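Peer 1: Pasting in a structure now, in structure tokens, and then I'll have a few things to ask.
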Amino acid sequence: MTFNPTSPIIDPKILLGQIQDGESRLFDCRFSLDEPELGRARYREGHLPGALYAHLDEDLSSPVTPRSGRHPLPDPQRIAEWLGQCGVSSETEVIVYDDCNGALAGRLWWMLRWLGHERVALLEGGMQAWQAAGGALTTEIPAPDPRHFEAHVRDDLWITTDALVASLADGGVSVIDARPPERYRGDVELIDTVGGHIPGAINLPLTDNLDMDGRFLPADRLRARFVAVIGEQPPTAVAHSCGSGVTACHNLLAMELAGLSGSRLHVGSWSEWIRSPERALATGAG
């Protein structure tokens, strides 16, 4: 086994010693909102051996609608078929990575868990840590044999915007916003049409989950970080938000590392919240 099934991350040195066995399926999740084809271009220039490319817009999201956020969840059957074509079965160990410390790859990590697949880990430190550990890159694009992937959707792992509105009204949920402070406050907004945050949301930028080397903080420090804002609330009462339900997965993963399992993803996040003029908006520090 290439990684500890009880941990959502894998150290690049461990992967380096196991990658040649061909038992795992790797996915390169690099992406740029400004240049949607940049990630794929960089994948073709060099990627981890055996890795396939996962495009955020094409593979990990469904088309945007007038009511949705920027990255709606794909149809489970469609993503299951895509995973099967990529050589993933229910027994396959999956490793996901990017070049931004898991901010993007966390989306596929979470989606696989949403589909009932627990054998998935994020490569800690991403491509940079892989190369620092002596790992090579290749331009060879693999052609895996198709397998059957059966989705067992877990809708307890996410929350819709309508359900979030209701839960906020009765005090049944705490929202943690993973975006940078300036976007949370509404000082700067270059992606969505309106700046600010969901009223009552707590800003815990995903970058603060990491040390100076881009590695996750020790579990006890992560736990202290989240407990400081959720108090005695159970993790199931926590919803993670961001701009479009992608980088919020980083905070959700960090809570898993901290032993705070069971929090949910607000898939629509801010970009869906602002679709309705009936929903209140907040700006400033809190």
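The values are calculated or read from the model by the stated rules, or taken from the named source; none is laboratory data. A quick note: this is a predicted structure, and the numbers were derived from the prediction, not measured. Here Cβ is always computed from backbone atoms with ideal geometry, including for glycine, and neighbour counts include all displayed protein chains. For accessibility, only protein heavy atoms count, side chains too; no ligands or nucleic acids. Shrake-Rupley method; radii C 1.70, N 1.55, O 1.52, S 1.80 Å.
Peer 1: Between A133 and E232, what is the label-point separation in nm under the 7 Å Cα-to-beta-carbon projection?
Peer 2: 4.1
Peer 1: If I take the Cα coordinates of the chain and project them onto the principal axes, what are the three extents in Å, biggest first?
Peer 2: 51, 40, 34
Peer 1: Measure nothing fancy, just the Cα-based angle from helix 76-85's long axis to the longest principal axis of the chain, in degrees from 0 to 90, nearest 10.
Peer 2: Tilt of helix 76-85: around 20 degrees.
Peer 1: Moving to a separate point now. If you take the square roots of the eigenvalues of the alpha-carbon gyration tensor of the stretch 34-79 and sort them as a ≥ b ≥ c, do you get rounded (a/c under 1.5), prolate (a/b over b/c) or oblate?
Peer 2: oblate
Peer 1: Here's a follow-up. Shape verdict for the stretch 46-103, please, from the Cα gyration tensor: rounded (a/c under 1.5), prolate (a/b greater than b/c) or oblate.
Peer 2: It is oblate, given that a/c is not under 1.5 and a/b is not larger than b/c.
Peer 1: Within 10 Å of each candidate Cβ there may be at most 14 other Cβ atoms; applying that plus a DSSP loop requirement, which GluC sites (Glu not before Pro) in the stretch 228-286 survive?
Peer 2: E232, E278
Peer 1: Rg over Rh of the stretch 120-212, using C-alpha atoms and the Kirkwood radius, what does it come to?
Peer 2: Expressed as Rg/Rh, it is 1.10.
Peer 1: Going by Cα centres, the stretch 80-152 and the stretch 32-77 are how many Å apart?
Peer 2: First find each Cα centre; the distance between them is then 13 Å.
Peer 1: So with the 1.4 Å probe, I'd like the accessible area per residue for the stretch 163-286, rounded to whole Å².
Peer 2: Using a 1.4 Å probe on heavy atoms only, each residue of the stretch 163-286 averages 42 Å².
Peer 1: What is the mean projected area of the alpha carbon convex hull for the stretch 6-48, to one decimal in square nanometres?
Peer 2: 4.2
Peer 1: If one takes the longest principal axis of the Cα atoms in the chain, at what angle in degrees, from 0 to 90 and to the nearest 10, does the Cα axis of helix 248-257 lie?
Peer 2: So the helix axis and the longest Cα principal axis differ by about 70 degrees.
Peer 1: Please list, in chain and number order, the residues 5+ apart from S174 or on another chain whose amide H is under 5 Å from its amide H, with Hs placed from the backbone.
Peer 2: Distant-sequence amide H within range of S174: V238, A239.
Peer 1: Now a separate question. Which value, in debye to the nearest 20, gives the size of the charge dipole of the stretch 16-103 about its Cα centre, when Lys and Arg are +1 and Asp and Glu are -1 at the Cβ?
Peer 2: 240
Peer 1: Considering the zone a paramagnetic label at R154 would reach in this model (a point 7 Å from Cα along the Cα-to-Cβ line), which residues of the stretch 103-129 have amide N under 13 Å from it?
Peer 2: 109-121
Peer 1: Still on this structure, I have one more. Of the residues V120, V88, V227, which exhibits the maximal mean-square fluctuation in a Gaussian network model of the chain defined by a 10 Å Cα contact cut-off?
Peer 2: V227
Peer 1: In terms of the Cα gyration tensor, with a ≥ b ≥ c the square roots of its eigenvalues, is the stretch 64-194 rounded because a/c is under 1.5, prolate because a/b exceeds b/c, or oblate?
Peer 2: Oblate.
Peer 1: Also, quick follow-up: Going through the stretch 122-201, which GluC sites (Glu not before Pro) have at most 14 other Cβ atoms within 10 Å and a DSSP loop state?
Peer 2: Taking the stretch 122-201 and a limit of 14 other Cβ atoms within 10 Å, the loop GluC sites (Glu not before Pro) found are E140, E150.
Peer 1: If you don't mind, there's one more thing I want to ask. Which value, in debye to the nearest 20, describes the size of the charge dipole of the stretch 190-260 about its Cα centre when Lys and Arg Cβ atoms bear +1, Asp and Glu Cβ atoms bear -1, and nothing else is charged? Intermediate values should be presented prior to the final figure.
Peer 2: On the way: 4 positive and 7 negative charges, 11 e Å.
The calculation lands at about 60 debye.
Peer 1: In debye, nearest 20: dipole of the chain around its Cα centre with unit charges on the Cβ of K, R (+) and D, E (-)? Numbers along the way, then the final one.
Peer 2: On the way: 24 positive and 39 negative charges, 72 e Å.
Its charge dipole is roughly 340 debye.
Peer 1: Roughly speaking, what is the stretch gain from A166 to A224, that is 0.36 nm per residue apart minus the C-alpha to C-alpha distance, in nm to one decimal? Let's see the in-between values first.
Peer 2: On the way: separation 58, 0.36 × 58 = 20.88 nm, distance 2.83 nm.
Length gained, A166 through A224: 18.0 nm.
Peer 1: Now for a different question. How large is ³J(HN,Hα) for each residue in the stretch 178-192, as worked out from phi by the Karplus curve 6.51 cos²θ - 1.76 cosθ + 1.60 (θ = phi - 60°), to whole Hz, x for Gly and Pro?
Peer 2: 8, 6, x, x, 5, 6, 4, 6, x, 5, 9, 8, 10, 10, 9
Peer 1: Kindly provide the GluC sites (Glu not before Pro) of the stretch 53-120 that DSSP labels as loop, not H, G, I, E or B, and whose Cβ sees at most 15 other Cβ atoms within 10 Å. Before the final figure, lay out the partial values.
Peer 2: Working: sites: E58, E81, E91, E93, E118; in loops: E58, E91, E118.
The qualifying sites are E58, E91, E118.
Peer 1: Okay, moving on. According to the Cα gyration tensor, what semi-axes, each the square root of 5 times an eigenvalue, does the equivalent ellipsoid of the stretch 169-286 have, listed from largest to smallest in whole Å?
Peer 2: 23, 16, 12
Peer 1: Within the chain, what whole-number % of the accessible surface is contributed by carbon and sulfur, with the 1.4 Å probe and all protein chains included in the calculation? Please list the in-between numbers first.
Peer 2: On the way: 6340 of 12470 Å².
Carbon-and-sulfur percentage of accessible area, whole number: 51.
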